[in-house]
Amino acid sequence: MSTLVINERRREPRTAPGEAGESPQVPGARVLEVLDRSAHGLRCRLAQPVRPGRTMAIRVPAGQSGFVLRQGWVARCEVCRITRHGVQYEAAWRFDTPWRDE
């Protein structure tokens with residue numbers, strides 16, 4: 001599923017967290033770390049789970065003009081780390097509809 005999200009099949013250029021300027025913002029979710037992003041997808045670690053299949057508004061940096069609001073479809077959400085202090089989740093979003101090019 002992560003290949004669908006970050007579009008490795010299309011050989012689309014992706015950016016790692018340190019390469020990009022500002023990180024995307026997900027209103028309603030506490031983002032701990034952005035793992036990877038491309039033009040059609042986003043993958044990050046969260047402090048709480050999000051429901052797969054749901055669409056969420058995501059603020060994506062757009063150069064000098066600030067942030068652009070895009071709709072993202074939650075492709076997956078799973079537990080990635082359990083510690084004494086809490087649980088961390090890894091979620092992935094797609095910015096295009098999942099059935100359009102499958």
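Taken together, the values in this text are just the output of simple stated rules run on the coordinates, not laboratory data. All of these numbers come straight from a predicted model, not from anything done at the bench. Because the Cβ atoms are built from the backbone with ideal geometry, glycine has one as well, and the counts that use them run over all protein chains shown.
Shape class for segment 19-76: prolate, because the ratio a/c of the largest to smallest gyration tensor axis (alpha-carbon atoms, square roots of eigenvalues) is 1.5 or more and a/b beats b/c. A Förster radius of 22 Å, combined with the Cβ-Cβ distance separating residue 71 from residue 32, puts the computed FRET efficiency at roughly 0.50.
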